[in-house]
Amino acid sequence: MTSAGEGAVELSGSAGESRLALSGDWTIAHYGALAPRVAALRSQVEPGTRIEVAALGALDTAGVALLHDLLGATHLAHLAGDASLLGAERRALLKAVADALASEPAAPARRGYALGDVLEHVGRTTWCSGAMSWISPALSASRWRPLWLCCCCRDAGA
């Protein structure tokens, strides 16, 4: 397949009859140029939008991730379906990436506890200063005493 150049996306039409035309290469090489355009159009793509992929060039996982951000899971699943104009390998790529993105667990929200966070910080700081009190005698004077250091670490459970 010949390279079609940098990817492009164009949204046109009226409220009920919108059309989204995808063209060019949607690859990692063009990710930086496509990402802002995808972010700008994401909220404008409606459920009834017709998606045209006839001019779509090269496609890789980064491009599919951008398409997922732009179209959402429903439109991407439709493109990965058998009725799509895309070839079998592209449909398989779309399906694989869509499945991976769908099964990706959401990052757990970090619940902050003001008192708990302060106590954790105090504990870590105390442990570090305690560790320094073990290490400094081991390295002091004119010779290094590794046996003494190992004994202290063993006693501390490190």
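The values are calculated or read from the model by the stated rules, or taken from the named source; none is laboratory data. Keep in mind the model is a prediction, meaning the values are calculated, not measured. Please note: Cβ atoms are built from the backbone with ideal geometry, for glycine as well, and neighbour counts cover all protein chains shown. What goes into the accessible areas is simple: the full protein's heavy atoms, side chains included, and nothing from ligands, DNA or RNA. Shrake-Rupley method; radii C 1.70, N 1.55, O 1.52, S 1.80 Å.
The table below lists the values:
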item: Burial ranking of peptide ranges 30-36, 80-86 (average Cβ count within 10 Å, highest at the top); result: 30-36, 80-86
item: Potential extension, ARG124-GLU17 segment - 0.36 nm per residue separation minus Cα distance; result: 32.5 nm
item: Simple label model, 7 Å out from Cα along Cβ direction - THR61 to TYR31, nm; result: 1.0 nm
item: Solvent exposure ordering (accessible area, 1.4 Å, most first) of ASP69, ASP60, ASP25; result: ASP69, ASP60, ASP25
item: Solvent exposure of segment 1-96 as accessible area per residue, Å², 1.4 Å probe; result: 53 Å²
item: Two-decimal log10 I(q)/I(0) for segment 8-105, as the Debye equation yields it once each C-alpha is a single scatterer, q = 0.13, 0.21, 0.23 Å⁻¹; result: -0.40, -1.11, -1.35
item: Theoretical FRET efficiency, 1/(1+(r/R0)^6), r = Cβ-Cβ of HIS78 and ALA107, R0 30 Å, to 0.05; result: 0.60
